[in-house]
1. Of the residues in region 115-150, how many are touching a Phe, Trp or Tyr at 6+ places or on another chain (Cβ under 7 Å) and surrounded by fewer than 20 Cβ atoms within 10 Å (Cβ to Cβ)?
2. From the list Gly159, Gly182, which residue is in a loop (DSSP other than H, G, I, E, B), touching a residue at least 24 places away in the same chain (Cβ under 8 Å) and buried (at least 23 other Cβ atoms within 10 Å of the Cβ)?
3. Among the residues of region 64-90, write down those that are loosely packed, with under 13 Cβ neighbours inside 10 Å and modelled with pLDDT under 95.
4. In region 162-179, what residues are surrounded by fewer than 19 Cβ atoms within 10 Å (Cβ to Cβ) and closer than 12 Å to Asn212 by Cβ?
5. Taking the condition of being within 17 Å of Ala177 (Cα to Cα) and small (Gly, Ala, Ser), how many residues in region 195-229 meet it?
6. Just give me the residues in region 93-106 being in a loop (DSSP other than H, G, I, E, B) and of a type in the set (D, E, K, R), in sequence order.
7. Which of the numbered conditions does Met187 fail, given that it passes all the others? Conditions: (1) outside any loop (DSSP other than H, G, I, E, B); (2) farther than 23 Å from Gly225 by Cβ.
8. Just one of Val198, Val258 is touching a strand residue (DSSP E or B) at 6+ places or on another chain (Cβ under 7 Å) and within 30 Å of Asn42 (Cβ to Cβ); which is it?
Amino acid sequence: MIRTRMGVMSGMVVLTIGLASCATVSQMASSGPAAGFTRLFNGRDLSGWRGRPGGGGVFSPYTEANFTAEERRTKQAEWNTDRDKHWSVDVARGEIVSDGHGVHLATERPYGDFEFRVDWMLTQPCGDSGIYLRSYPQVQLWDPACPTAQQHGANRGSGGLWNNNPDNPGRWPLVVADNPIGQWNSMAIKMVGQRVWVTLNGREVVVGQVLNNFFDRAQPLLPQGSIELQTHGSEARFRNVFVREIPEAEGRALLRSVGAAGD
(Lines give C-alpha, C1' and ligand atoms only; values in the text may rest on other atoms or scores of the structure.)
Protein backbone atom coordinates (compact mmCIF):
# COMPACT_ATOMS: atom_id res chain seq x y z
CA MET A 1 0.00 0.00 0.00
CA ILE A 2 1.14 3.55 -0.74
CA ARG A 3 -0.16 6.27 1.49
CA THR A 4 0.17 10.01 1.10
CA ARG A 5 1.14 10.11 4.76
CA MET A 6 4.26 7.99 5.04
CA GLY A 7 5.59 6.39 8.15
CA VAL A 8 5.34 3.23 10.17
CA MET A 9 2.14 2.76 12.12
CA SER A 10 3.05 3.27 15.73
CA GLY A 11 2.14 0.94 18.50
CA MET A 12 1.76 -2.11 16.27
CA VAL A 13 3.12 -5.27 17.76
CA VAL A 14 4.19 -7.65 15.02
CA LEU A 15 3.88 -11.30 15.91
CA THR A 16 5.78 -13.71 13.72
CA ILE A 17 4.00 -16.91 12.84
CA GLY A 18 6.34 -19.89 12.66
CA LEU A 19 7.05 -21.03 9.16
CA ALA A 20 6.12 -24.56 10.13
CA SER A 21 2.50 -23.38 10.24
CA CYS A 22 2.80 -21.42 7.00
CA ALA A 23 3.26 -24.27 4.58
CA THR A 24 2.40 -27.90 4.33
CA VAL A 25 3.92 -30.57 2.15
CA SER A 26 1.07 -30.19 -0.32
CA GLN A 27 1.54 -26.41 -0.39
CA MET A 28 5.21 -26.80 -1.25
CA ALA A 29 4.39 -28.61 -4.47
CA SER A 30 4.69 -26.15 -7.36
CA SER A 31 1.97 -26.48 -9.96
CA GLY A 32 2.85 -26.30 -13.62
CA PRO A 33 1.73 -23.51 -15.92
CA ALA A 34 -1.69 -23.63 -17.51
CA ALA A 35 -1.91 -23.57 -21.29
CA GLY A 36 -0.52 -20.35 -22.72
CA PHE A 37 1.23 -19.27 -19.51
CA THR A 38 4.95 -18.75 -18.95
CA ARG A 39 6.54 -19.49 -15.60
CA LEU A 40 8.13 -16.34 -14.14
CA PHE A 41 9.82 -18.02 -11.16
CA ASN A 42 11.98 -21.10 -11.53
CA GLY A 43 12.04 -22.00 -7.82
CA ARG A 44 15.82 -21.63 -7.58
CA ASP A 45 16.80 -17.99 -8.08
CA LEU A 46 15.53 -14.57 -9.17
CA SER A 47 16.36 -14.91 -12.86
CA GLY A 48 14.12 -12.63 -14.91
CA TRP A 49 13.50 -10.25 -12.00
CA ARG A 50 15.12 -6.90 -11.25
CA GLY A 51 15.06 -4.47 -8.37
CA ARG A 52 13.01 -1.29 -8.74
CA PRO A 53 12.61 1.48 -6.15
CA GLY A 54 9.71 0.97 -3.81
CA GLY A 55 9.33 0.38 -0.10
CA GLY A 56 7.91 3.45 1.60
CA GLY A 57 8.33 5.67 -1.46
CA VAL A 58 7.28 5.74 -5.09
CA PHE A 59 9.16 5.90 -8.35
CA SER A 60 7.41 7.09 -11.48
CA PRO A 61 7.65 4.98 -14.65
CA TYR A 62 7.95 8.26 -16.56
CA THR A 63 11.21 9.02 -14.75
CA GLU A 64 12.61 5.62 -15.61
CA ALA A 65 11.48 5.91 -19.24
CA ASN A 66 13.55 9.09 -19.59
CA PHE A 67 16.83 7.57 -18.36
CA THR A 68 19.75 7.54 -20.76
CA ALA A 69 21.25 4.13 -21.46
CA GLU A 70 24.12 4.87 -19.06
CA GLU A 71 21.77 6.09 -16.32
CA ARG A 72 19.70 2.94 -16.74
CA ARG A 73 22.73 0.64 -16.38
CA THR A 74 24.02 2.50 -13.31
CA LYS A 75 20.66 2.70 -11.55
CA GLN A 76 19.76 -0.89 -12.31
CA ALA A 77 23.04 -2.12 -10.85
CA GLU A 78 22.27 -0.18 -7.63
CA TRP A 79 18.71 -1.49 -7.49
CA ASN A 80 19.80 -5.09 -8.05
CA THR A 81 22.30 -4.81 -5.21
CA ASP A 82 19.47 -3.72 -2.94
CA ARG A 83 17.25 -6.49 -4.30
CA ASP A 84 19.78 -9.07 -3.20
CA LYS A 85 19.75 -7.68 0.35
CA HIS A 86 16.00 -7.95 0.81
CA TRP A 87 14.70 -10.61 -1.58
CA SER A 88 15.63 -14.28 -1.47
CA VAL A 89 14.48 -17.71 -2.59
CA ASP A 90 13.42 -20.42 -0.16
CA VAL A 91 14.54 -23.24 -2.44
CA ALA A 92 13.23 -25.99 -0.16
CA ARG A 93 9.70 -24.57 -0.41
CA GLY A 94 9.94 -23.06 -3.89
CA GLU A 95 9.01 -19.58 -2.69
CA ILE A 96 10.13 -16.00 -3.28
CA VAL A 97 10.64 -14.25 0.06
CA SER A 98 10.59 -10.51 0.78
CA ASP A 99 11.75 -9.20 4.16
CA GLY A 100 9.45 -6.20 3.65
CA HIS A 101 12.19 -3.66 2.97
CA GLY A 102 14.17 -2.24 0.09
CA VAL A 103 13.24 -2.25 -3.59
CA HIS A 104 10.30 -3.97 -5.21
CA LEU A 105 10.84 -7.10 -7.28
CA ALA A 106 9.95 -6.28 -10.88
CA THR A 107 9.89 -8.33 -14.05
CA GLU A 108 12.78 -7.56 -16.36
CA ARG A 109 10.41 -7.84 -19.29
CA PRO A 110 7.69 -5.21 -19.76
CA TYR A 111 4.10 -6.30 -20.36
CA GLY A 112 1.13 -4.61 -21.99
CA ASP A 113 -2.13 -6.58 -21.88
CA PHE A 114 -1.60 -9.65 -19.71
CA GLU A 115 -2.93 -12.18 -17.25
CA PHE A 116 -0.80 -12.64 -14.14
CA ARG A 117 -1.27 -15.49 -11.69
CA VAL A 118 0.42 -15.80 -8.32
CA ASP A 119 0.01 -17.42 -4.93
CA TRP A 120 0.86 -15.07 -2.06
CA MET A 121 1.04 -15.29 1.70
CA LEU A 122 1.54 -12.69 4.43
CA THR A 123 3.22 -14.40 7.37
CA GLN A 124 2.62 -11.75 10.06
CA PRO A 125 -0.52 -10.16 11.48
CA CYS A 126 -1.00 -6.69 9.94
CA GLY A 127 1.21 -7.69 7.00
CA ASP A 128 1.01 -5.53 3.89
CA SER A 129 2.11 -5.91 0.29
CA GLY A 130 0.80 -5.36 -3.22
CA ILE A 131 1.20 -6.01 -6.93
CA TYR A 132 2.04 -3.12 -9.24
CA LEU A 133 0.72 -3.26 -12.80
CA ARG A 134 3.05 -1.76 -15.45
CA SER A 135 4.83 -0.17 -12.45
CA TYR A 136 1.64 1.61 -11.35
CA PRO A 137 0.19 1.02 -7.87
CA GLN A 138 -1.63 -1.28 -7.23
CA VAL A 139 -3.57 -4.39 -6.39
CA GLN A 140 -3.62 -4.30 -2.59
CA LEU A 141 -2.60 -7.27 -0.38
CA TRP A 142 -3.10 -6.92 3.37
CA ASP A 143 -4.62 -8.31 6.55
CA PRO A 144 -8.38 -7.66 6.81
CA ALA A 145 -8.24 -8.43 10.55
CA CYS A 146 -5.55 -5.83 11.31
CA PRO A 147 -7.04 -3.32 13.80
CA THR A 148 -4.49 -0.61 13.05
CA ALA A 149 -5.27 -0.71 9.30
CA GLN A 150 -9.05 -0.49 9.62
CA GLN A 151 -8.91 3.27 9.05
CA HIS A 152 -7.34 2.58 5.64
CA GLY A 153 -9.96 0.00 4.65
CA ALA A 154 -8.19 -3.28 5.42
CA ASN A 155 -11.47 -4.81 6.61
CA ARG A 156 -12.72 -4.63 3.00
CA GLY A 157 -10.20 -7.27 1.97
CA SER A 158 -7.39 -7.69 -0.54
CA GLY A 159 -7.50 -7.36 -4.30
CA GLY A 160 -8.79 -3.80 -4.66
CA LEU A 161 -7.13 -1.00 -6.62
CA TRP A 162 -6.21 0.84 -3.44
CA ASN A 163 -4.52 3.85 -5.05
CA ASN A 164 -7.52 4.73 -7.17
CA ASN A 165 -9.29 7.97 -6.40
CA PRO A 166 -11.38 7.52 -3.22
CA ASP A 167 -14.70 7.83 -5.07
CA ASN A 168 -13.76 5.61 -8.04
CA PRO A 169 -15.05 2.06 -8.51
CA GLY A 170 -12.47 -0.65 -8.03
CA ARG A 171 -10.74 0.90 -5.07
CA TRP A 172 -12.52 -1.54 -2.80
CA PRO A 173 -12.96 -5.23 -3.63
CA LEU A 174 -16.47 -6.52 -4.20
CA VAL A 175 -16.14 -9.16 -1.46
CA VAL A 176 -13.67 -10.14 1.24
CA ALA A 177 -12.05 -13.28 -0.18
CA ASP A 178 -8.82 -13.48 1.85
CA ASN A 179 -7.61 -16.57 3.63
CA PRO A 180 -6.28 -15.98 7.17
CA ILE A 181 -2.75 -14.70 7.74
CA GLY A 182 -0.25 -17.55 7.43
CA GLN A 183 -2.29 -19.29 4.71
CA TRP A 184 -1.81 -19.11 0.94
CA ASN A 185 -4.01 -17.06 -1.35
CA SER A 186 -4.36 -17.59 -5.10
CA MET A 187 -4.81 -14.53 -7.30
CA ALA A 188 -5.41 -13.94 -11.00
CA ILE A 189 -5.11 -10.44 -12.49
CA LYS A 190 -6.03 -9.44 -16.02
CA MET A 191 -5.08 -6.06 -17.42
CA VAL A 192 -6.25 -4.75 -20.80
CA GLY A 193 -5.58 -1.13 -21.66
CA GLN A 194 -6.27 0.72 -18.43
CA ARG A 195 -8.80 -1.79 -17.10
CA VAL A 196 -8.23 -4.49 -14.50
CA TRP A 197 -9.95 -7.71 -13.44
CA VAL A 198 -8.94 -9.43 -10.18
CA THR A 199 -9.97 -12.85 -8.87
CA LEU A 200 -8.93 -13.87 -5.35
CA ASN A 201 -9.33 -17.46 -4.18
CA GLY A 202 -11.81 -18.07 -6.98
CA ARG A 203 -13.99 -15.03 -6.25
CA GLU A 204 -14.24 -11.91 -8.42
CA VAL A 205 -13.16 -8.86 -6.44
CA VAL A 206 -12.55 -6.33 -9.26
CA VAL A 207 -14.32 -6.51 -12.63
CA GLY A 208 -13.06 -4.35 -15.48
CA GLN A 209 -12.34 -1.20 -13.48
CA VAL A 210 -9.94 1.52 -14.63
CA LEU A 211 -6.62 1.69 -12.77
CA ASN A 212 -6.10 5.37 -12.01
CA ASN A 213 -2.73 6.89 -12.81
CA PHE A 214 -1.22 7.48 -9.37
CA PHE A 215 1.57 9.66 -10.77
CA ASP A 216 -0.52 11.92 -13.01
CA ARG A 217 -4.30 11.56 -12.89
CA ALA A 218 -4.63 13.50 -16.16
CA GLN A 219 -2.50 11.08 -18.19
CA PRO A 220 -3.36 7.58 -19.42
CA LEU A 221 -1.18 4.71 -18.25
CA LEU A 222 1.86 3.81 -20.29
CA PRO A 223 1.08 0.91 -22.65
CA GLN A 224 3.80 -1.35 -21.19
CA GLY A 225 5.70 -1.77 -17.95
CA SER A 226 6.91 -4.19 -15.30
CA ILE A 227 4.77 -6.32 -13.04
CA GLU A 228 6.09 -5.73 -9.50
CA LEU A 229 5.86 -7.44 -6.14
CA GLN A 230 5.77 -4.75 -3.46
CA THR A 231 7.67 -4.42 -0.19
CA HIS A 232 5.83 -2.73 2.65
CA GLY A 233 7.39 -3.44 6.03
CA SER A 234 6.63 -7.12 6.63
CA GLU A 235 7.55 -10.50 5.23
CA ALA A 236 5.62 -11.67 2.17
CA ARG A 237 6.00 -14.90 0.22
CA PHE A 238 5.10 -15.71 -3.38
CA ARG A 239 5.01 -18.89 -5.45
CA ASN A 240 3.47 -20.33 -8.63
CA VAL A 241 4.10 -17.11 -10.58
CA PHE A 242 2.87 -17.19 -14.19
CA VAL A 243 2.01 -14.75 -16.95
CA ARG A 244 0.50 -14.84 -20.41
CA GLU A 245 0.04 -12.03 -22.87
CA ILE A 246 -3.59 -11.38 -23.79
CA PRO A 247 -4.08 -11.30 -27.56
CA GLU A 248 -5.84 -8.35 -29.16
CA ALA A 249 -9.10 -10.16 -29.97
CA GLU A 250 -9.45 -11.46 -26.39
CA GLY A 251 -8.68 -8.01 -25.04
CA ARG A 252 -11.39 -6.41 -27.18
CA ALA A 253 -13.88 -9.00 -25.98
CA LEU A 254 -13.00 -8.30 -22.34
CA LEU A 255 -13.50 -4.58 -22.85
CA ARG A 256 -16.85 -5.15 -24.56
CA SER A 257 -17.95 -7.30 -21.62
CA VAL A 258 -17.82 -4.25 -19.36
CA GLY A 259 -19.06 -1.76 -21.96
CA ALA A 260 -15.61 -0.27 -22.48
CA ALA A 261 -14.83 -1.16 -26.10
CA GLY A 262 -13.77 2.43 -26.78
CA ASP A 263 -11.11 2.56 -24.03
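The values are calculated or read from the model by the stated rules, or taken from the named source; none is laboratory data. Keep in mind that what you see is a predicted model, and the values were worked out from it rather than measured. With ideal geometry, Cβ positions are generated from the backbone for all residues, glycine too; neighbour counts draw on all protein chains shown.
1. Within region 115-150, residues that are touching a Phe, Trp or Tyr at 6+ places or on another chain (Cβ under 7 Å) and surrounded by fewer than 20 Cβ atoms within 10 Å (Cβ to Cβ) number 2.
2. On the way: Gly182 fails: buried (at least 23 other Cβ atoms within 10 Å of the Cβ).
Step by step, each of Gly159, Gly182 is checked, and only Gly159 is in a loop (DSSP other than H, G, I, E, B), touching a residue at least 24 places away in the same chain (Cβ under 8 Å) and buried (at least 23 other Cβ atoms within 10 Å of the Cβ).
3. Once the filter is applied, which keeps residues that are loosely packed, with under 13 Cβ neighbours inside 10 Å and modelled with pLDDT under 95, region 64-90 yields Ala65, Asn66.
4. Hits for region 162-179 are Asn165, Pro166, Asp167, Asn168, Pro169.
5. Result for region 195-229: 1.
6. Arg93, Asp99
7. The one condition Met187 does not meet is (2).
8. Val198
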